[in-house]
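Please read the structure below before turning to the comments.
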Amino acid sequence: MPRYIIGTVLLLLILFAPAKSVLASGSEYTLSGSDLVVEVNTKWIGCREGGYFPIRTKIRNIGKARTITLELQGHNSGQNFPTITRSVTLEQNATINTSLLVPVVSYGTYANFRILERGRPLKNLAHSVSLPEVSHQSNIGSAMLIVANKPEDKEAFNQAVNNTFTPTSSRHGTSVNEYTEHLRPNELPANWLGYTGLDILAIPLKTLTQDLPADTRKGILQWVFSGGTLIIYNVEEAVAESDSLKNVLDLNNRAFSGKKWSSLNAKNFKKIAIIDTSTGSTPTAELEDFSTGDPWDISPRNFGMRTLGLGNVIAVTNNPFPGTVSHWTWLLGNLSQEQLLWHKRHGITPRAGNESFFHFLIPNVGRVPIFSLLILITIFTILIGPVNYIYYLRKRQLAMLLVTVPIIAFGSSLTLLAYSTMTHGFSVKSRVRSVTFLDQKQNHAMSINRVAYFAGMAPSDGLSFEPTTAVYPIWSADNSFEAGRIDWSEKQHLQNGWLRSRTRTQFLTVSQQEQRGRLDLQESDGSNPKVSNGLEWNLKALYIVDEAGKAWKAKNLKSGAIANLEPVTKQDNSELRELLSEYNLSLPLGVTGNQVLSNSFMSPRVYRYYGGQTIQTIYQKSLQEVAVSRLISPGNKLTKMQPGSYFAVLKQPPDLELGLKKSSQNISVHLLFGYF
């Protein structure tokens with residue numbers, strides 16, 4: 001066959017082959033120079049709507065002891081990319097493993113990674129890095145990381161995600177997006193923040209128990225506790241009977257988790273119609289042919305699901321890969337989209353504007369005092385005009401206007417500037433809505449905090465958080481990331497650009513820490529039980545459900561105090577709603593309907609839509625807001641709380657990480673869910 005015919009056929013195959021959008025990013029490479037050998041791994045998946053992108057490095061120093069700095073900065077000024085740094089000290093002939101965690105907070109995707117010493121870049125120790133692009137309607141879906149010693153066939157999962165989340169109108173022919181990445185066990189970060197950009201992590205049980213370091217395994221479980229979904233496969237025995245599964249998850253020492261493995265709903269399984277455009281211009285759909293796939297046995301013995309904190313663990317007896325499109329679609333259907341999609345799980349996206357920004361403003365802060373300024377300007381106009389003119393006209397000294405007009409104008413300008421400045425002062429004001437989940441068996445607490453700031457004068461040192469606290473900026477509808485630096489050398493130090501003077505600023509933070517304080521329920525024969533407050537905080541209201549399912553209450557319980565409990569009544573539900581109504585997320589007074597205002601509150605802006613829903617609606621369905629709404633929504637009852645749990649409204653703020661040593665809090669609310 002002539003070569004030109006072969007070439008033409010190959011060209012046609014390339015042009016008309018189904019397009020595939022590869023949503024994984026990164027590569028592996030080695031940099032050498034200046035007595036350093038640096039192995040860099042940027043392979044990862046997810047982070048298209050937020051989270052931390054982990055750049056893992058292995059650095060070997062064959063020279064003398066030194067301190068070097070890892071730096072990532074935007075490819076150019078138009079990228080609006082944060083500059084990330086981390087300084088590490090290397091002894092002679094030492095080798096260290098470290099990660100540079102990159103918060104994905106902007107549309108920027110191209111950056112440069114380099115090594116510096118004493119502020120100067122080292123020769124041959126630089127490389128470009130590509131981060132995931134922002135998701136859009138045609139490629140939205142759950143990002144899954146597969147951790148295994150050998151690659152798995154993931155094509156069926158990719159097509160199932162495509163069918164589940166991508167609207168039919170957004171699909172192009174038979175194109176299937178790539179929603180997975182495969183990594184070996186030794187390629188993972190230890191810090192749980194490194195997993196925050198994922199939706200699902202799949203790993204064999206043996207790999208989880210034997211091939212991972214303890215700190216890496218702890219990081220994965222902390223990520224699940226915060227809302228992630230973990231698939232453990234190759235359990236090799238009935239899920240409910242596996243001691244290895246029970247031990248690796250430490251289920252006997254957890255209170256904030258499901259009491260038992262629940263079976264997945266096999267009745268919802270059905271064959272999926274696969275769209276085929278190869279038959280002509282009109283797409284056809286036929287039920288999936290299992291003869292070419294690897295169908296599962298979906299009996300209760302082989303599949304089990306259990307909550308762990310805010311997240312889920314799905315255990316599978318066998319290897320689910322490759323599976324079939326129909327079976328993966330069924331598995332995803334057992335979880336809600338609020339659990340499987342990043343922006344719904346968190347209620348925000350740090351990479352774009354959020355209309356929910358305007359539902360959490362600090363009252364009477366940040367707005368221009370227009371009415372007061374109009375009064376001052378009117379007085380100034382009267383003084384500099386009629387009063388000044390008539391006074392010197394009567395004295396027959398009109399020439400003095402050449403002197404008094406500039407003086408009065410200068411003095412009035414200073415007065416207006418001073419008044420505007422003093423209205424908000426120079427301190428930092430804040431509003432906090434914190435929801436803390438405490439597992440008393442694990443001595444572990446997680447706090448999800450919505451924080452609003454307004455700084456009269458921005459702190460020169462910026463904001464400082466622990467390296468294990470997730471910090472997601474929330475931009476207003478007409479705003480986005482502009483510039484900023486983060487240094488990981490000691491803490492997570494957000495330097496210039498994150499908190500600006502006289503600018504409304506908001507963050508969503510997620511922190512996890514050890515917490516040994518607890519509430520103890522003391523049963524009494526023939527009388528109501530008592531409760532001992534071993535927490536550090538005074539409680540304004542406490543509602544507790546004992547192991548038998550009976551609901552009790554106490555009011556104004558101080559730290560260290562013991563109180564008699566009283567039964568919960570129907571009226572307590574409405575009293576709790578009334579207590580928390582003051583702290584509802586709502587638009588400012590005078591703003592109604594589907595309009596939000598710009599930062600100056602001078603021009604209307606219509607809500608934009610994200611995946612068919614406004615951002616406001618999505619935030620109300622975030623994991624933390626759903627937990628609260630289950631208690632205070634009409635029709636819900638305190639008596640339906642999980643046995644062995646409690647809910648409390650705190651009188652004073654707990655020891656939260658707000659990035660600042662001191663701020664003045666306004667209409668803040670602090671809620672606590674405890675499990676014993």
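The values are calculated or read from the model by the stated rules, or taken from the named source; none is laboratory data. These figures come from a predicted structure and were not determined experimentally. In this analysis, Cβ positions are derived from the backbone assuming ideal geometry, glycine residues included, and neighbour counts consider all displayed protein chains. Surface areas here come from the heavy atoms of the whole protein model, side chains and all, with no ligands, DNA or RNA. Shrake-Rupley method; radii C 1.70, N 1.55, O 1.52, S 1.80 Å.
For the range 27-122, a Kirkwood radius taken over Cα pairs fed into Stokes-Einstein (37 °C, viscosity 0.692 mPa s) yields D = 233 µm²/s.
Projected onto the charge dipole of the chain (+1 at Lys/Arg Cβ, -1 at Asp/Glu Cβ, origin at the Cα centre), which of Leu463, Asn112, Ala190 gives the Cα projection farthest towards the positive end? Going by the charge dipole, the pick is Leu463. Protein heavy-atom accessible surface, 1.4 Å probe, per residue over the chain: 47 Å².
Which value, in debye to the nearest 20, gives the size of the charge dipole of the range 449-544 about its Cα centre, when Lys and Arg are +1 and Asp and Glu are -1 at the Cβ?
Around 360 debye, computed over the range 449-544.
When only Cα pairs below 8 angstrom with a gap of at least 6 residues are kept, the range 407-550 shows a relative contact order of 23 percent. Relative to the longest principal axis of the Cα atoms of the chain, the long axis of helix 370-382 makes an angle of roughly 30 degrees. Considering only alpha-carbon pairs that sit under 8 angstrom and 6 or more positions apart, the relative contact order computed for the range 193-341 is 32 percent. Computed from Cα atoms, the angle from the helix 214-225 axis to the main principal axis of the chain rounds to 70 degrees.
Secondary structure note: in the chain, about 80% of the DSSP beta bridges are antiparallel.
Across the cross-link table entries Lys206/Lys550; Lys150/Lys259; Lys246/Lys550, which are compared at the Cα atoms, the separations over 31 Å belong to Lys206/Lys550; Lys150/Lys259.
By the rule of a C-alpha distance below 16 Å, with chain neighbours fewer than 8 residues away ignored, the lysines paired with Lys344 are Lys621. Here's the list of aspartates and glutamates a cross-link from Lys570 could span, going by alpha-carbon distance under 17 Å and ignoring same-chain residues fewer than 8 apart: Glu578.
Once the Cβ-Cβ distance of Asn93 and Glu466 is raised to the sixth power relative to R0 = 41 Å, the FRET efficiency obtained is 0.85. Computed extension length for Ser299-Glu523: 76.5 nm, one decimal, from 0.36 nm per residue of separation with the Cα-Cα distance subtracted. Put a plus charge on the Cβ of each Lys and Arg, a minus charge on the Cβ of each Asp and Glu, and nothing anywhere else: the dipole of the chain about its Cα centre is then about 2260 debye. If you plug the beta carbon distance of Lys150 and Asn124 into 1/(1 + (r/R0)^6) with R0 = 45 Å, you get a FRET efficiency near 0.85.
Measuring between their Cα centroids, the range 521-552 and the range 68-117 lie 50 Å from each other.
Modelled label positions at Lys267 and Asn636, each set 7 Å beyond Cα in the direction of Cβ, lie 2.6 nm from each other. Summed over qualifying helices (DSSP H, 4 residues or more, each -39500 (n - 2.57)) and divided by its residue number, the chain shows a 222 nm mean residue ellipticity of -6000 deg cm²/dmol. In the chain, Cα pairs under 8 Å separated by at least six residues give a relative contact order of 13 percent. Taking label positions 7 Å along the Cα-Cβ direction at both Val405 and Ala483, the computed distance is 4.0 nm, reported to one decimal. Between helix 3-16 and the chain there is an angle of about 60 degrees, using the helix long axis and the longest principal axis of the Cα atoms. For the range 391-497, the dipole from Cβ point charges (+1 on Lys and Arg, -1 on Asp and Glu) about the Cα centre works out to 800 debye, to the nearest 20. Projected onto their three principal axes, the Cα atoms of the chain cover extents of 107, 91, 66 Å, largest first.
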